[in-house]
Structure formats: structure tokens, C-alpha cells
Amino acid sequence: MQLGFSQKKIPHLQKKGDKTQLMVSEKPFLVLGGELGNSSATTIESMEPIWSKLKDMNLNTVLTPVYWELIEKEEGKFDFSLVDDLILRARKEDLKLVFLWFGSWKNSMSSHAPAWVKLNQKKYPRVKDDKNKSHEILTPLSENNLKADINAFQKLMAHIKDFDQKEQTVIMIQVENEIGMLPIARDYSPLANDVFNKEVPSELLQYLQKNKEKLVPEFLEIWKKNGFKTKGNWETIFGEGLSTDEIFMAWYFSKFTNKVAQAGKDSYAIPMFVNAALNAPEKKPGEYPSAGPLPHVMDVWKAAGNSVDFLSPDFYNPSFKHWNNLFTRQGDPLFIPEHKFDKTAPFKGLYAIGHYEAIGFSPFSIESVTDAKNEPLGKIYDLVRQLTPVIEANKGLGKIDGVLLDKENQSQIIQLGNYEFTFKHDYTLNWSDGAKEETWPMTSAIIIEIAPDEFYIAGSGIVVTFKPLKDKSLNVGILKVDYGTFENKIWKTFRHFNGDQTHQGRHVRIAVDDYEIQKLKLYTYE
């Protein structure tokens, strides 16, 4: 059977080697994104001064909310005019969109549900705590809550298909936003209490048994501690306590979200993901937005359905490598839809694209800048934009890596091709202007092997030296270093570096506050 247009050409994910690519218009697409503040896209007028900033920072994608309360102000009556205006203007600016569905939950709360949902608590029940007090969180155990969300989301996705399938301006959808339980670990509503005392769904238990060897260790330990039981209620299987409360809620949050996502995909099956507010150290479930799509319960989220394509971290936590390692340890793709827009963001974005071969990166409140043309993020994005064809051609083949450096992490070793590369922070050179500063800026780089002995290195604030991997008795020399740019995807050398630029052939260097791509060819000698 011949595939139709919608099946063949809509945005989708595909595997390349051991990584995942986002395909848009049948070409690999790397998201150089920025997320708007929560209320910036509530009117066309509020967006008007923002578009030029986005272009000045070399973004190719904008992440922006779609608000349930605005598209369905009256039950069953839909207004997609704001959605259409965003799509049309993004096309005009040659930008793609990732819509964030602010439906049943936004940052745990149900703040963006329509008034007709909020005002009818009997039909659309909320979470209750252990003192029978209701909270501003719709319970995921209610069929009415689910049907209302599904209906709105499915209508939205059908409209996007009709309005945008040909142009593919909208390339992905985030389903809900930072789902989680606060200020308690689980729902104590009558609906929840009834199900909590019933047997754990066989669907979850079958998944655990089938995937026992690859479950995340902290979740496996909970199951193991209770004897790997395969029959019983939630406390029988997982024990009494807050961790079981969290597992219980994670299951029902994920079931709800996967059903919403599947309904949306029934209309228009572009990639869909969920995002997580990360839990802080020493915090107990309910003290952070627990039961969301977090690494320690990601097996529960996966067991509940596969309509959600991947789970994503939102970063207001400095432990960047730690959390990304947790999100990718089962081989899942990395996409960072939200990162605090601070001085570290551009460099962490480059590292994510290099080391994790991420689908993309997006700082939050992107419109808050005052001087967009000089933002480091724009300079990093320009490097990645130029290199995107090279990155995507080599993705998943073990030919790409990245480094992230600061004063506490001054060096990092990478093995690539026939060489060992030692990347050091630019300020480790004692003649660097900032070497004696108390605080060093974060720096980063991406390295790509394009042929035997030949590499691109791009980034800011790094010094690189080399050793042979195989024959340790040999020396490694620099045959050639060119500084240049890509014009229409063709490399153009701007300057050949030698002498002082390479410390007489000893290293490759990109100084702090410089943003460069260098093409490097190495050789060995006795």
C-alpha cells in the first residue's frame, strides 16, 4: 500500500545509529530554540516586539504555550485565531514552532483549565489531600477530566493539521507542562482511594517483568525490597510510604497524558513529549512536583503507554550533566525544552548538542534580553546552525562529542578517531587575561570527526592538545588549522592559523568571548 502525504512527510522521529533525529519536511532538523514567557503569546500585540529579538539571536524555533482557557472559553466552542496568527507570523519570520499544551496541568496546577471546568468541581473533580481539602489540581483519575482535555487537544491537533501540514511550521508538541503532585505525594480523593486499594494494573506488572533487566536502579530497588511481587495492591507490590504514593500517581498521570497524546496523534501524529520539573536533593515526594516524568519513575511513565515519544528535563538545577545522564541512560533521545536563561545556558546548549547529540535546546523567557544581537546564545546558535548538516550527517555514529568547562571542571578528555583530545578552559593558559580571576566563565565546544585525522572544533573558551590512541610512542602534530565559516553549506577558509594562534603547533585555541569554527588536520610522527 502506498503511503499518503500525511504518513510520509509530517514531522517525525527516526533513529540514526544509536541516536534520534527530528525530521521536518523529510530533512534532519536541529532545534535551536527559545521558550517564551508564559504570558507573552496571549495576544498578537504582546508578540509584536518579540519576533525581531528571536531572529537576532539566530533561533530557528520558538516554543510557545497554547492555552486551553483561551481556545475553548465556552465548552465545545473553539477559537484558534491566536494559534493561526502565531503560525502565520512564524512562517513569515522563517521560524518553526513547538507548541506547549497548557491543558489540565501547568507547573503541577490546573491554572489554565477553562472557567467552565474550574467552576464545576462536581463534574471535573480535583485532587484532595489526606485532610479532604481540595487543591488546584485536576485529578488524573477522573474520566470527565480526561474526556474534556482529550476533546480540546484533539480539536487543536486536527486544526494544526488542516492549517499547517503542508508548510510544517509546527514541528513538535509538548503535552501538558511540568506535571506533578504538590504539596502532597498522592491524591486522596474518593476516586483515588478506591483505585489505590485495588490491585496494581497487570499492564504495569507485565512491563516490569518484561523489562526487569533494564529498569532504572532506584526504581528496581523499591520493587526488589518488597520481593519482586507480581500480584497485589500498590502497597503490597511497592511497600508503604511516599515512594509508593509517587509511583501510584506517576502511573495515572502517565495514563492520562498518553491518552491525550494518542487522541492528538489520531488527528495529526507529529512528535509529542512531556517535560519534568526536576526534584531537589533531600526533598520528599510532594515537597517537589512528584510523580512527573522524572528519571526515577520513568519506567512507570513508559509502562503506561508509548504515545508520548520522550521525556524531557527542565533546568533550574545546576547539575546539568547529572540529570542529562539520567534522562538518557536507557538510550532515550535528549531534548531540553526549558533552561534558565542565564550566562551558562548557551554553553550548556552546545554541550548537549555535542555530547548527547540532543534534538535541541531552548532557554526560557527568551524575549527577556535587551541586546539580542550581542547575546552569546545567538553566537553559539550561529556556530551550530552552520554545522548542522555536518552534525546530522555524523549523528549516532560515534563521531561527535562535546565538553563543558569552568573553574571547578577545568579539563576534559575525549577519545575520537585515532586521537585523545585534552580540552582545557582557556584560562588555564597563564597568559590569558582572565586566568587570575576568582570566577571563570563557563565555556564549551563541540568536536566532530569528518575523516581520518580531520575534525571540526567549534565553541568558545577552550584549548586543545592531542595524543595518539594506538601507538603511544608517536607524537601528534598539527598538519593544518583553518578558521572559517560555512556559506551555503560549503566550508570557506577565512584564515589559516599558525604560529602564535597554535602556540607554534602545540594546540588549538578559541579564546573566551571568541566564537569560532576551526577545521583541524592532525598527523603523527616519530
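The values are calculated or read from the model by the stated rules, or taken from the named source; none is laboratory data. What you see is a predicted model; the values in this text were computed from it and never measured. Backbone-built Cβ (ideal geometry, glycine too); neighbour counts: all protein chains shown. What goes into the accessible areas is simple: the full protein's heavy atoms, side chains included, and nothing from ligands, DNA or RNA. Shrake-Rupley method; radii C 1.70, N 1.55, O 1.52, S 1.80 Å.
Estimated purely from DSSP H runs of n ≥ 4, each contributing -39500 (n - 2.57), the mean residue ellipticity at 222 nm for the chain is -9000 deg cm²/dmol once divided by its residues.
In terms of packing, defined here as the mean over residues of other Cβ atoms within 10 angstrom, the peptides 494-501, 481-488 line up highest first as 481-488, 494-501.
Remark: relative contact order (region 1-109) = 22 percent; criterion is Cα-Cα distance under 8 angstrom and separation of 6 or more residues. Amide H to amide H distances under 5 Å link W440 with K407, where only residues 5 or more positions off or on other chains count and H is placed in the peptide plane.
Using C-alpha pairs below 8 Å separated by at least 6 residues, the relative contact order for the chain is 13 percent. Per residue, the accessible area of the chain comes to 43 Å² when a 1.4 Å probe rolls over the protein heavy atoms.
Our coupling estimate for region 489-495, obtained by passing each phi through the Karplus curve with A = 6.51, B = -1.76, C = 1.60 and θ = phi - 60°, is 6, 10, 5, 10, 6, 9, 8 Hz, Gly and Pro reported as x.
Couplings 3J(HN,Hα) for region 282-287, derived from phi with the Karplus relation 6.51 cos²θ - 1.76 cosθ + 1.60 (θ = phi - 60°), are 6, 8, 9, x, x, 8 Hz, where x marks Gly and Pro. Around the amide H of F497, modelled in the peptide plane, lie the amide H atoms of V481, D482, Y483, all under 5 Å away and 5 or more residues distant in sequence or on another chain. Ranked by the mean number of other Cβ atoms within 10 Å per residue, highest first, peptides 92-99, 221-228 order as 92-99, 221-228.
Our summary gives region 223-299 a relative contact order of 28 percent, counting only alpha carbon pairs under 8 angstrom and 6 or more residues apart.
Per-atom-type breakdown for the chain gives carbon and sulfur 48% of the accessible area (1.4 Å probe, protein chains only). Each peptide in 254-262, 280-288, 398-406 gets a packing score, the mean of other Cβ atoms within 10 Å over its residues, and the list from highest to lowest is 254-262, 398-406, 280-288. Amide H contacts of R126 (H built 1.01 Å from N, in plane; Pro and chain starts excluded): T139 sit under 5 Å, all sequence-distant by 5 or more or on other chains. M109 sits with roughly 60 Å² accessible to a 1.4 Å probe, with DNA, RNA and ligands left out of the calculation. Among beta bridges from DSSP that stay inside region 21-172, the antiparallel ones total about 35%. Rounded to the nearest 20, the size of the Cβ-charge dipole of the chain about its Cα centre is 1140 debye, with Lys and Arg at +1 and Asp and Glu at -1. Across region 119-132, computed HN-Hα scalar couplings (Karplus, 6.51 cos²θ - 1.76 cosθ + 1.60, θ = phi - 60°) run 7, 10, 5, 5, 7, 10, x, 10, 5, 10, 8, 6, 10, 6 Hz from first to last residue, x flagging Gly and Pro.
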